Each structure stands twice: as structure tokens, then as C-alpha cells.
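*Asks:* I am attaching a structure below and will ask some questions about it afterwards.
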Amino acid sequence: MYALPKEYEVIVVGSGHAGVEAALASARLGCPTLLLTQNLDTVAQMSCNPAIGGSAKGQIVREIDALGGAMGVNADATGIQFRMLNRSKGPSVQAPRVQCDKKAYQFRMKAVLESTAGLDIKQANVSRIIVDGKGNVTGVETDLGMAVYGKAVILTSGTFLRGLLHVGETSRPGGRMADTSSGLSDSICQLGFEAGRFKTGTPCRIAGRSIDFTKCEMQRGDEPLPRFSFLPPKAAALGEIFTLNRDPFHVEQVPCWITHTTARTHDIIRRNLYRSPLYNGKIEGTGPRYCPSIEDKIVKFAERESHQIFLEPEGRHTDEFYVNGLSTSLPYDVQVDFIRSVPGLEHAELMRPGYAVEYDYFPPTQLRPTLETKLVDGLYFAGQVNGTSGYEEAAAQGLIAGANAALKVRQRAPLILARHEAYIGVLIDDLTSIGTDEPYRMFTSRAEHRLSLRQDNADQRLTDKGFAVGLVDAMRREVFGAKMAQLGELRKSVYELKIQGKPVSALLKMTDFKVKSLPAEIQRLSPHEIWDLVEIDLKYEGYVQRQAGQNQKLIRTRAKPIPSDIDYERIAGLRRESRQKLAAARPTSIGHAEQLRGVTPADISILSIWLEKNRLDICREMAPS
Ligand SMILES: Cc1cc2nc3c(=O)[nH]c(=O)nc-3n(C[C@H](O)[C@H](O)[C@H](O)COP(=O)(O)OP(=O)(O)OC[C@H]3O[C@@H](n4cnc5c(N)ncnc54)[C@H](O)[C@@H]3O)c2cc1C
């Protein structure tokens, strides 16, 4: 075994969305960091759709950006279509989404890694995690007989662990089409970790020149560009090595196109279901319910006559189109057949087929809130290996794992975001405390504080925190400071300025009153982005306060203790399954009971009321004797 002479403090395995953020965060915190990945040409590859953000995910990207991460700036620099989703709805559900040039995104991210001080990147296939006799990680081994030693290791190997690809009757090992699978999970299971099996899928890519766009509806991007990064475009472009959007103010946007499935599409799929590995029992892993394959949609929503399809360009200099909405693992011939039953795609040429991938993941309840494993000291897991799905969810975990590995090595306090501070906090808390029985993706409904966890205020929630840890540099802190000064001024002024005796703040609290209704000389007091923030804060103030009250109540309820010898048979109204689960797990508090799978909110409510009614007896039982 050849031992690399250079020792690192942090070693990252994998250069997907989790791996790159982990490596960058660790290096930003001053730790000599090594990133090892199977293929240096696939850094930050978007395995599925060529877009970053979207509902709840866009909020996560803004949070990553506020913490100094790379995903937002990279998407802005290589974006070809920018949209703010849910613009007509409330600010808490508005989310930016950027269609990216897939290859430019990868090349630029690789250039960012290469230009980061203290970070080395090498192509290598990691085959074993090295752990000493005391349960501490000490390094990794590669399949070419190289050992690298370090104080912390972050595993971010995505869908590659015992990855198995399926197209119809054909199955072959692979982490992604044209990429090899990794046997590393065997070595990890030997350390005592529990593994599970999930699956996901992707649609075919077709040639743009074979699409009849006259039969599709055009979908344009928004102007002005809803960008991810809180840095002004010029500042974000500082030190650029590779940027597609050289003039970040004037990006020529590329349209996407909308079409739909037909009765014929559904008929072809129905007739061929027996050839789908999803339906003939070949695929064992659990797939994402919220992101079903077209086979699933046809079976589960049999009453629907049509499903919408988005044709999304994969880049500015390629003719490939991603067929969003038609994820499938049906055989090649069936894919050609059903694609050609869609208006506009009658002559579509497949460039790459759709497929499903099954892979190992490690149930994330085996992790601490820092994403360090409970079993091996200094070993961290981030991204799809933790049972999540999505680039943004992966990147967020990578950032937190990278920061925490570096903080631990430097014997500093960990970075843990609370549920009320960030979607990232919700994500990691859900994963590490409850776990997941299907690929986990973020939804706004998962966040009980969603009214205050908005995309527009992610910098206000997180920049100072990131700066205190060392993730945010002085330039970003300065930009943020200047913005906060402007915001502070305006927040004061709206209470002082009056129109016909009414403070501007009171006017802006009214649902139908908008900033643009104010006299021009008042509007000129501040840039429109600052006005927007003040307006949102005022309009949402009441709701946010009410939510804070409800959350306080929830926190008190969750803290309610449950006596260890409680007899669940005595509690009338509890479902049998809940009774069994509660009796087996013996939760110590309502919060703990809520996390048990199979115990419904209704049962929690019954238990909570019962505890309240029997409070005096319980207090007596729990009092120290
Ligand atoms: C076919 C397919 C369809 C998908 N569909 C969707 C979807 O519809 N919606 C959605 O949200 N997400 C989807 N995803 C998931 C999305 O791609 C992932 O969530 C995201 O990329 C996870 O990021 P990651 O960094 O955890 O892992 P990945 O992006 O998978 O990156 C893993 C990295 O680890 C490297 N690696 C693996 N093993 C080793 C090793 N032993 N040694 C060194 N390097 C190693 C790989 O080369 C790669 O660089 C899909 C993925 C696939 C493959």
C-alpha cells in the first residue's frame, strides 16, 4: 500500500453537490483538505434535471449562499433561464429556480475547487474507510492501493453505492448512466452501519432539432433576473475563472417549452407495464412518492387524462433537451414509442434513454446533528447517502458536514442550525432525529416556521452566523452590513413618514397597498429591493408573531414528560399500532413520541390530553423520592 506523504485534516469522498460544498467549507475554515472522486470530469454533475432551486429547494440555495457556499453563485454564473416560482403567492412560498448550462456548471465548479487555497483534488476510487482500534477514522484506501490519512472523512458518494441501473429488462451496475458503481458500502457495513435500499429515476434526453416547437407552449424566464446569490453580480463575479454569463446584468435567456401526454401515451405505457422493472418486481428499493415515474403516474392517477411535460434545454451550446415529467425505466423501444405520442415529439430522436437507479443509503438516524456518525468518531455522511434526493438537499448537508468536520478538527464548537433558523436546520433535524423511509426531499410544509424562513431573508438569518464560524468572508460580510444599514434606515423611516396623517408603515401593512402606490419622492429613499423587504416584513408581521406563539406552545407540548411506567392500555382511544409502538419504545417526552413511525398526530393529541388530565398523579410519580 502506497501512503500519500501529505496528511490532510479533512478528506472528502465524492465530488457531487454534497462533496464540493463539504470540501469548500472545510478549506474555507483553514483545514488542509483533500477531495477524492471517481471522475474529475463529472464534478458537480446534475444527474437528473439541469436546474437548481424550485419550491423549498430555492430557499435552501439562498441559505447555502448566505453561509458562503458555492451553489448559488455557480448557478447564477451559468444560468440560462431564471424564474421566481409562485410569484403570485405569498413570499414564504416564493422560490428562485435557475435552469443551468449543465456542462458550464460542472466546469465552473471544478475551477472554483481548483482555485481554492488549501484544497487538493484527485481522481481516485475509494474502496475502504480506515478506522483505528478506538473507533476513530484515520483515513481512506483507494482501489489502486493508495492510503491517505486524515483526521476527518466525509462520505458523499451519492447514488453510487452498489448502484444498479435499470432500463426495461436490462440491468447493470452503475452509479449513474456511464459511471461505475462503488462497492464501498460493504466496507462501511463491516464497521457496523445499517444500510437500506432506495431508487430514483430520470427521463430520456432528446434532440432539439427533432422537436416541433410550434406544437408546444413557450415558457420564458423572468426579468429582472431572480438570482440566487446575495452578493451583487459584480462582487459575485470577482476572481472568476470561468463564467458563462460574462455580463451578469444582461443574460440572454433561453426558453423552456410545455407539452403534455395523451391518451395514446397512457395506453402504450399501460400495455407495457409488465416490462417495467418497477412493476415486474426487479426493483426492490423504495422510490420517491412525490417525484413518481410516468409508469407510477399512469397507475396511481389512473383518472388523469394528461400530464404536463416541460422540455428543458441542457445548455446553451448543446441540442439536448431534458424531458421533465417523463422519468421512466421502461425498455428502450417503449420509450421511443410513448415519447412519439406526445404533441411536438412525433419525430423525437432519443439521445439518451431514461433509466432507474437503485442504490444503498445509510439511515440518517445513525448520525449526530453535526452529520458525524455516532459509530465512528470523525466520520461524516452527507447527501444522497443519507437517504435524501436532490442537489440542494445534498449541497446543504455537504456544507454543514464540511464545516463541522473542520470545526471538530480545530476543537471548536459545532455549527448546528435550529429548525426556526433555516430550512437546512429542518432538513438535518428531520433526518437525524426521525429518519426517512423514502428518498427525502424538502417541502415548505415540512417547516413549521416557514413564514419566517423565506428566500428573501436568508442572508438576515444566516450571514452573521456564517461569519462568526469563518464560512463567510469579509467581502460578503461588508456587502451584508451595507444592506442592513439601508434596511435599518428605511425600517425607521416608514414609522416616521406620514401620508395624510397615516404612517407609511400602517399603509404598507394593508394587503392591497403596495410600495409603488407611494409618492415617488418617498420611493426614492431606498432601492426597490430594500423596499420589498420592508413591505414583506410589515405585511407578515402579524402572521409571524402568531406563528411564533403557536411554536412556543408546540415546544412546551413537546417537552411534556411521559412517565417511564405508563400503561398505554389504560389510555382510551389510542390505536392498537400506536399502543404497541409506544409501549415498545417507551418515549420519555411527547416530542420523542412524535418521532415514532406509525404513531399518528391524532394519537399524540390523545396521549397529550391524557397526560394533562393525569398531570397531578404523574408529577407525584416523577418527583424524586
Ligand atoms: C438517475 C438519477 C435520477 C435522479 N433523479 C432525481 C430527481 O428527479 N430529483 C432529484 O431531486 N434528484 C434526483 N436525483 C438525485 C440527485 O442527482 C442527487 O440527489 C444529488 O446529485 C446528490 O448529490 P450527492 O452529492 O449526494 O451525490 P452525487 O451527485 O451522486 O455525487 C456522488 C459523487 O461521489 C463520487 N463517488 C461515488 N463513490 C465514490 C468512491 N467510492 N470514491 C470516490 N468517489 C466516489 C461520484 O463519482 C460522484 O462524484 C437523481 C439521480 C440519479 C442518478
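The values are calculated or read from the model by the stated rules, or taken from the named source; none is laboratory data. None of the values given here were measured: they were computed from a predicted structure. We place every Cβ from the backbone using ideal geometry, glycine too, and count neighbours over all the protein chains shown.
*Asks:* When you check V544 against the structure, is it under 30 Å from S589 (Cβ atoms), in a helix (DSSP H, G or I) and not assigned by TED's automatic domain parsing to the domain that holds S605, yes or no?
*Replies:* yes
*Asks:* Can you tell me how many residues in segment 154-180 are buried (at least 22 other Cβ atoms within 10 Å of the Cβ) and small (G, A, S)?
*Replies:* 4
*Asks:* Determine which member of the set A95, A70, A117 is out of contact with any helix residue (DSSP H, G or I) (no Cβ under 6 Å at 6 or more places or on another chain) and in the same structural domain as V385 (by TED's automatic domain parsing).
*Replies:* A117
*Asks:* Now a separate question. If I filter segment 106-154 down to residues being more than 25 Å from the chain's Cα centre (by Cα) and among the charged types (D, E, K, R), which single residue comes out as farthest from the ligand (Cβ to nearest atom)?
*Replies:* K134
*Asks:* Restricting to segment 392-407, give me the number of residues that are within 11 Å of the ligand (Cβ to nearest atom) and touching a strand residue (DSSP E or B) at 6+ places or on another chain (Cβ under 6 Å).
*Replies:* The initial filter retains those residues of segment 392-407 that are within 11 Å of the ligand (Cβ to nearest atom), namely 392-398, 401.
Remaining after also requiring touching a strand residue (DSSP E or B) at 6+ places or on another chain (Cβ under 6 Å): 401.
The number of residues fulfilling the criteria is 1.
*Asks:* Can I ask one more? List, please: which pairs have Cβ atoms under 9 Å, are six or more places apart or on different chains, and start with a residue in segment 399-416 that is within 12 Å of V12 (Cβ to Cβ) and end with one that is aromatic (F, W, Y) and buried (at least 24 other Cβ atoms within 10 Å of the Cβ)?
*Replies:* What qualifies is A401/Y380; A401/F381; G402/Y380; A405/Y380.
*Asks:* Output the number of residues of segment 525-547 satisfying the condition of being surrounded by fewer than 15 Cβ atoms within 10 Å (Cβ to Cβ) and either without any contact (Cβ under 8 Å) to a residue 60 or more places away in the chain or over 29 Å from the mean Cα position of the chain (by Cα) (or both).
*Replies:* Selection size over segment 525-547: 7.
*Asks:* Would you call L451 under 18 Å from the mean Cα position of the chain (by Cα), of a type in the set (A, V, I, L, M) and assigned by TED's automatic domain parsing to the domain that holds G387?
*Replies:* Spelling it out, it is not the case that L451 is under 18 Å from the mean Cα position of the chain (by Cα), of a type in the set (A, V, I, L, M) and assigned by TED's automatic domain parsing to the domain that holds G387.
*Asks:* Here's something else I'd like to know. Given the condition surrounded by fewer than 17 Cβ atoms within 10 Å (Cβ to Cβ) and without any contact (Cβ under 8 Å) to a residue 24 or more places away in the chain, answer yes or no: does some residue in segment 99-113 qualify?
*Replies:* No, segment 99-113 contains no residue that is surrounded by fewer than 17 Cβ atoms within 10 Å (Cβ to Cβ) and without any contact (Cβ under 8 Å) to a residue 24 or more places away in the chain.
*Asks:* Please go through segment 430-455 and give me each residue that is part of a loop (DSSP other than H, G, I, E, B) and more than 16 Å from the ligand (Cβ to nearest atom), ordered by number.
*Replies:* Matches in segment 430-455: G435, D437, A447, E448, H449, R450, L451, S452, L453, R454.
*Asks:* What pairs come up if the first residue lies in segment 157-186 and is under 16 Å from E284 (Cβ atoms) and at pLDDT 95 or above, the second is assigned to a helix (DSSP H, G or I) and within 8 Å of the ligand (Cβ to nearest atom), and their beta carbons are under 7 Å apart, counting only those six or more places apart or on different chains?
*Replies:* That search, which allows pairs on different chains as well, returns T159/Q384; L161/L184; L161/V385.
*Asks:* Within segment 316-337, is even one residue in contact (Cβ under 8 Å) with a residue 24 or more places away in the chain, within 16 Å of the ligand (Cβ to nearest atom), of a type in the set (K, R) and not in a helix (DSSP H, G or I)?
*Replies:* no
*Asks:* For segment 462-520, which positions are touching a residue at least 24 places away in the same chain (Cβ under 8 Å), among the basic types (K, R) and surrounded by fewer than 18 Cβ atoms within 10 Å (Cβ to Cβ)?
*Replies:* Across segment 462-520, the qualifying residues are K465, R491, K509.
*Asks:* Let me ask something additional. Which condition breaks for R352 when tested against (1) within 14 Å of the ligand (Cβ to nearest atom); (2) buried (at least 16 other Cβ atoms within 10 Å of the Cβ); (3) more than 23 Å from the chain's Cα centre (by Cα)?
*Replies:* (2)
*Asks:* Which of (1) within 16 Å of the ligand (Cβ to nearest atom); (2) among the acidic types (D, E); (3) more than 11 Å from the chain's Cα centre (by Cα) is the odd one out, the single condition D459 does not satisfy?
*Replies:* Exception for D459: condition (1).
*Asks:* Starting from segment 254-283, keep only residues that are free of Cβ contacts under 8 Å to residues at least 60 places away in the same chain, then list their pairs with residues that are in a loop (DSSP other than H, G, I, E, B) and of a type in the set (D, E) whose Cβ atoms are within a distance under 8 Å, requiring at least 6 positions of separation or different chains.
*Replies:* From residues that are free of Cβ contacts under 8 Å to residues at least 60 places away in the same chain, the pairs are A263/E305; H266/E305.
*Asks:* How many residues are on the phi > 0 side of the Ramachandran plot and either assigned by TED's automatic domain parsing to the domain that holds N404 or at pLDDT below 95 (or both) if we restrict to segment 321-369?
*Replies:* Residues flagged as on the phi > 0 side of the Ramachandran plot and either assigned by TED's automatic domain parsing to the domain that holds N404 or at pLDDT below 95 (or both) within segment 321-369 amount to 0.
*Asks:* Shifting gears a bit: Within segment 155-189, track down each residue that is out of contact with any strand residue (DSSP E or B) (no Cβ under 6 Å at 6 or more places or on another chain), under 16 Å from V385 (Cβ atoms) and more than 9 Å from the ligand (Cβ to nearest atom).
*Replies:* Within segment 155-189, D186, I188, C189 meet the criteria.
*Asks:* For G281, which of the numbered conditions (1) more than 14 Å from the ligand (Cβ to nearest atom); (2) on the phi > 0 side of the Ramachandran plot; (3) modelled with pLDDT of 95 or more fails to hold?
*Replies:* Going through (1) more than 14 Å from the ligand (Cβ to nearest atom); (2) on the phi > 0 side of the Ramachandran plot; (3) modelled with pLDDT of 95 or more one by one, G281 breaks only (3).
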